[in-house]
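Before any comments, here is the structure.
The values are calculated or read from the model by the stated rules, or taken from the named source; none is laboratory data. Note that the structure is predicted; figures quoted are calculated from it, not measured. Using ideal geometry, Cβ is built from the backbone for each residue, glycine included, and neighbour counts are taken over all protein chains shown.
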């Protein structure tokens with residue numbers, strides 16, 4: 001692994017910001033002293049185990065829990081019939097027809113995928129709860145199954161949710177520019193019949209869980225959990241449970257990875273809440289690995305059908321049109337937001353001005369989808385990268401030059417896309433040059449010959465992606481005009497405590513993103529103290545008053561929203577500290593500076609108050625002041641500057657920042673077997689100002705590893721009967737140490753002009769690895785019949801199929817000239 | 001012999017130097033015994049299939065996945081968990097994990113460190129390939145392993 005340090009382009013003054021400050025989180029984590037949700041215990045707690053459906057689609061005729069209840073040590077059960085009485089269906093983000101969907105904490109009347117929770121049992125031990133769950137007798141009447149989203153749209157397909165009148169949950173046409181004219185003026189049109197983005201997710205190592213306590217006196221639940229978006233969970237749960245949001249206290253601490261997959265645990269949390277109240281005891285739930293794979297948070301599978309790309313003779317790509325079928329799985333837990341989120345990056349990194357995308361989302365008898373690292377943009381960026389490489393492949397353009405020519409250029413920044421999104425900054429061609437340099441692009445042809453001499457097919461590929469961060473939740477109104485969400489926010493409090501301790505609370509729920517460290521770096525620079533003097537509380541607690549409606553850790557935003565809130569609160573505190581010092585010294589506030597842990601008169605540094613004195617005055621020594629001393633306690637809500645998008649035109653700025661990644665790789669394919677290996681890999685990342693470069697690089701590496709896994713190994717594959725074939729880590733292979741290629745990383749910094757610190761949200765990486773591996777395989781197989789790569793997931797057997805039958809893939813692509821359009 | 005099979009057994013183990021005597025259900029996994037009965041929650045669980053290595057501990061000096069060992073099988077054994085590594089100071093490997101940013105969420109870290117500690121005890125200056133082979137039974141979903149391999153090699157005696 002090599003890190004190439006490049007010169008930063010930022011001119012910001014830096015102290016701790018920009019340094020590789022060691023992580024505050026590490027001490028407890030390397031000693032096994034972290035506190036993850038399953039580590040939390042309460043006296044008398046019961047363990048919850050879900051009874052899950054063995055059928056992908058069936059009516060529930062009856063549920064009999066009596067045998068389970070008779071087992072000594074079983075505390076109680078919960079069934080869908082009780083849930084339907086005690087709660088209302090979850091609020092749906094979708095408009096009609098998806099908006100009619102009835103979704104509860106447990107199945108009511110029907111199951112729609114294998115692994116769906118139909119009942120819950122609570123017992124005195126984990127083992128007993130499992131035993132008791134097996135004693136719950138459920139009678140099912142199996143129904144016909146549909147697992148392919150394209151088939152679920154056909155007439156006569158089994159209908160999952162009768163109340164929706166069919167399997168479509170969302171449909172919308174997204175069109176900008178003059179698409180017909182672009183095609184009329186095109187010199188070439190490249191047509192691709194189908195492209196398929198596969199179903200997988202990032203499988204955090206820690207599973208979902210909660211410890212839920214109910215206080216009968218106050219009617220309040222305390223939910224200690226690893227849900228990564230409490231702001232979302234509470235607005236889903238409170239109305240369903242018919243209580244105010246104040247009755248649901250969320251507490252998180254260490255979270256063992258999330259990647260978006262821990263956003264949609266609200267149905268399970270409701271079941272825990274109902275049982276904690278019913279049984280009058282704390283209820284502990286930790287998912288098992290097979291439960292997670294079968295039922296939680298699959299990434300969106302997506303088809304791009306009948307795609308056409310308009311290209312001029314000189315290689316300028318002027319437009320594309322396609323028909324998308326998105327597979328949401330059986331329920332809408334965060335969907336249909338995937339139906340709009342892709343449009344944050346509608347033209348990818350390219351200058352396409354004419355785009356038409358006909359988006360249909362359907363339900364199938366598979367696990368529900370929810371966000372997964374790169375959520376919805378990854379699918380779309382894979383599509384844009386695929387069509388760029390297929391255009392080059394079919395029309396004979398150089399892939400590098402085609403990108404260089406069609407990329408949005410640095411002098412166009414900030415760049416408004418055809419749908420009104422604003423790419424804040426970036427230098428895509430320079431980043432491309434850098435990654436080509438890292439991978440040794442000028443030697444590729446020699447290496448190809450050398451590999452051929454060993455009987456291997458060498459391929460080179462590029463994946464250029466955007467990581468759009470800091471959502472404008474107003475985009476939700478583009479899929480449902482009646483929604484009343486817009487903008488975004490995050491909260492921080494910073495206070496100076498009685499002995500001078502600087503204490504920071506956040507609304508975020510980090511899962512490895514190092515918020516304790518980076519927040520402390522920002523605070524220390526503003527207050528002029530050491531980073532070790534700043535104490536950042538880990539995790540989220542509704543009692544801290546440091547959260548707002550969108551609080552959580554998701555969608556590449558902490559460096560903007562979280563640190564924006566930290567900066568705002570710290571500047572308020574700094575002002576209070578200077579005010580108090582000026583009251584003590586009876587001098588103008590402007591004469592005070594904060595440095596070295598003191599508030600002092602800049603021109604007379606001996607007149608200095610230690611932070612301890614400042615903290616003590618309002619807290620414990622406040623007599624004699626003619627006016628109130630400032631409280632040494634600040635709360636700031638950061639609100640990014642957004643407008644509500646234009647719903648008619650589907651136009652507006654949907655995210656505040658656009659980090660950029662260009663990945664490149666070299667693969668070697670065995671032409672006899674289809675087995676391939678990534679022999680070289682490079683990644684360039686630009687996320688604006690880096691608070692802590694080492695932490696940024698860690699995120700780049702993690703995103704790369706996820707992409708390699710998705711491209712080569714990881715797939716939630718279902719058979720036609722709705723059985724998940726990869727329900728655990730035994731069958732679902734995630735990359736191990738031996739799977740990882742040599743990696744070189746580098747960063748450039750183009751500060752965002754729109755954010756408080758010049759930072760951009762980052763960490764998702766848009767699946768650059770998936771794109772570049774697909775491109776490298778297509779390049780390698782040029783010598784064996786030139787198949788195009790039409791699937792995001794290419795295990796060895798699929799490569800073997802392409803080697804043996806390149807004509808199958810060739811049949812999916814066609815080039816026509818101007819007359820044919 | 002009694003007519004009915006016994007469902008629990010007496011277990012006498014030494015964990016991190018401390019002796020524990022407990023009557024445990026015969027089917028209880030060692031990892032649940034450590035976590036739930038002894039409250040040593042540094043040892044984690046990430047799968048149902050012995051695939052992820054988050055639960056790795058040393059059983060009489062040998063790294064094992066404690067989800068694949070029954071608590072009763074540990075009777076008479078000496079166990080080291082991640083909580084037992086650091087004394088007044090962290091081990092060089094623990095420090096190297098921090099210095100090389102070899103952890104993000106930290107959930108796999110105890111298992112990683114236990115596997116790598118066992119490697120370094122056997123082979124203080126492993127090659128990169130030897131480190132990768134030794135850690136192939138431990139899954140990390142945050143780091144992509146590059147920094148983990150780097151940290152283990154740095155903690156090896158040869159690289160100081």
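Laid out as a table, the results:
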{"item": "Which listed residue, of A:374, A:426, A:420, is at positive phi and either in a helix (DSSP H, G or I) or touching a helix residue (DSSP H, G or I) at 6+ places or on another chain (Cβ under 6 Å) (or both)", "result": "A:374"}
{"item": "Test for residue A:431: is it in a helix (DSSP H, G or I) and farther than 30 Å from residue A:26 by Cβ", "result": "yes"}
{"item": "Criterion (part of a helix (DSSP H, G or I), surrounded by 15 or more Cβ atoms within 10 Å (Cβ to Cβ) and out of contact with any strand residue (DSSP E or B) (no Cβ under 7 Å at 6 or more places or on another chain)) met by exactly one of A:108, A:17, A:83, A:21", "result": "A:83"}
{"item": "Index of the failed condition, residue A:196 passing every other in (1) assigned to a strand (DSSP E or B); (2) over 30 Å from residue B:142 (Cα atoms)", "result": "(2)"}
{"item": "Test set (1) touching a residue at least 60 places away in the same chain (Cβ under 8 Å); (2) part of a strand (DSSP E or B); (3) farther than 30 Å from residue A:811 by Cα - residue A:222 fails condition number", "result": "(1)"}
{"item": "Some residue of segment A:230-251 being in a loop (DSSP other than H, G, I, E, B) and crowded, with 22+ Cβ neighbours inside 10 Å", "result": "no"}
{"item": "Among residues of segment A:386-415, those that are in a strand (DSSP E or B) and touching a residue at least 12 places away in the same chain (Cβ under 8 Å), counted", "result": "1"}
{"item": "Subset of segment B:122-160 (residues that are farther than 18 Å from residue B:63 by Cβ, buried (at least 24 other Cβ atoms within 10 Å of the Cβ) and in contact (Cβ under 8 Å) with a residue 12 or more places away in the chain)", "result": "B:141, B:142, B:143, B:147"}
{"item": "Qualifying positions in segment A:86-105 - surrounded by 23 or more Cβ atoms within 10 Å (Cβ to Cβ) and outside any loop (DSSP other than H, G, I, E, B)", "result": "A:98"}
{"item": "Qualifying positions in segment A:677-708 - assigned to a helix (DSSP H, G or I) and more than 20 Å from the chain's Cα centre (by Cα)", "result": "A:693, A:694"}
{"item": "Matching entry among A:44, A:76, A:34, A:115 (being touching a strand residue (DSSP E or B) at 6+ places or on another chain (Cβ under 7 Å) and in a loop (DSSP other than H, G, I, E, B))", "result": "A:115"}
{"item": "Count - residues of segment A:1-33 that are under 27 Å from residue A:745 (Cβ atoms), within 14 Å of another protein chain (Cβ to nearest Cβ) and modelled with pLDDT of 95 or more", "result": "11"}
{"item": "Lone qualifier among A:573, A:614, A:609 - being under 16 Å from residue A:528 (Cα atoms) and in a strand (DSSP E or B)", "result": "A:609"}
{"item": "In segment B:122-139, the residues that are at the interface with chain A (Cβ under 7 Å from one of its Cβ atoms) and in a loop (DSSP other than H, G, I, E, B)", "result": "B:135, B:136, B:139"}
{"item": "Residue satisfying all of: in segment B:22-37; part of a strand (DSSP E or B) and within 12 Å of chain A (Cβ to nearest Cβ); nearest to residue B:111 (Cα to Cα) among these", "result": "B:29"}
{"item": "Conditions (1) away from chain B (no Cβ under 14 Å); (2) over 23 Å from residue A:403 (Cβ atoms): number failed by residue A:714", "result": "(1)"}
{"item": "Test: residue in segment A:768-783 that is part of a loop (DSSP other than H, G, I, E, B), surrounded by 24 or more Cβ atoms within 10 Å (Cβ to Cβ) and touching a residue at least 12 places away in the same chain (Cβ under 8 Å)", "result": "no"}
{"item": "Selection status of residue B:111, more than 7 Å from every other protein chain (Cβ to nearest Cβ) and in contact (Cβ under 8 Å) with a residue 40 or more places away in the chain", "result": "yes"}
{"item": "Among the residues listed as A:135, A:160, the single one being modelled with pLDDT of 95 or more and out of contact with any helix residue (DSSP H, G or I) (no Cβ under 7 Å at 6 or more places or on another chain)", "result": "A:160"}
{"item": "Among the residues listed as A:750, A:759, A:744, A:755, the single one being more than 19 Å from residue A:301 (Cβ to Cβ), surrounded by fewer than 20 Cβ atoms within 10 Å (Cβ to Cβ) and either away from every other protein chain (no Cβ under 14 Å) or in contact with a helix residue (DSSP H, G or I) (Cβ under 9 Å, 6 or more places away or on another chain) (or both)", "result": "A:744"}
{"item": "Test result for residue A:549, surrounded by fewer than 22 Cβ atoms within 10 Å (Cβ to Cβ), touching a helix residue (DSSP H, G or I) at 6+ places or on another chain (Cβ under 7 Å), in contact (Cβ under 8 Å) with a residue 60 or more places away in the chain and within 21 Å of residue A:640 (Cα to Cα)", "result": "yes"}
{"item": "Verdict on residue A:469 being in contact (Cβ under 8 Å) with a residue 24 or more places away in the chain, touching a strand residue (DSSP E or B) at 6+ places or on another chain (Cβ under 6 Å) and surrounded by 24 or more Cβ atoms within 10 Å (Cβ to Cβ)", "result": "yes"}
{"item": "Sole exception among (1) in contact (Cβ under 8 Å) with a residue 60 or more places away in the chain; (2) more than 25 Å from residue A:380 (Cα to Cα); (3) assigned to a helix (DSSP H, G or I) for residue A:807, by number", "result": "(1)"}
{"item": "Criterion (surrounded by 17 or more Cβ atoms within 10 Å (Cβ to Cβ), touching a helix residue (DSSP H, G or I) at 6+ places or on another chain (Cβ under 6 Å) and within 11 Å of another protein chain (Cβ to nearest Cβ)) met by exactly one of B:96, B:74", "result": "B:96"}
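For (1) free of Cβ contacts under 8 Å to residues at least 12 places away in the same chain; (2) touching a strand residue (DSSP E or B) at 6+ places or on another chain (Cβ under 6 Å); (3) within 12 Å of another protein chain (Cβ to nearest Cβ); (4) in a loop (DSSP other than H, G, I, E, B), each residue gets a yes or a no:
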site: B:39; (1), (2), (3), (4): yes, no, yes, yes
site: B:50; (1), (2), (3), (4): no, yes, yes, yes
site: B:54; (1), (2), (3), (4): no, no, yes, yes
site: B:79; (1), (2), (3), (4): no, yes, no, no
site: B:83; (1), (2), (3), (4): no, no, yes, no
site: B:116; (1), (2), (3), (4): no, no, yes, no
site: B:120; (1), (2), (3), (4): no, no, no, no
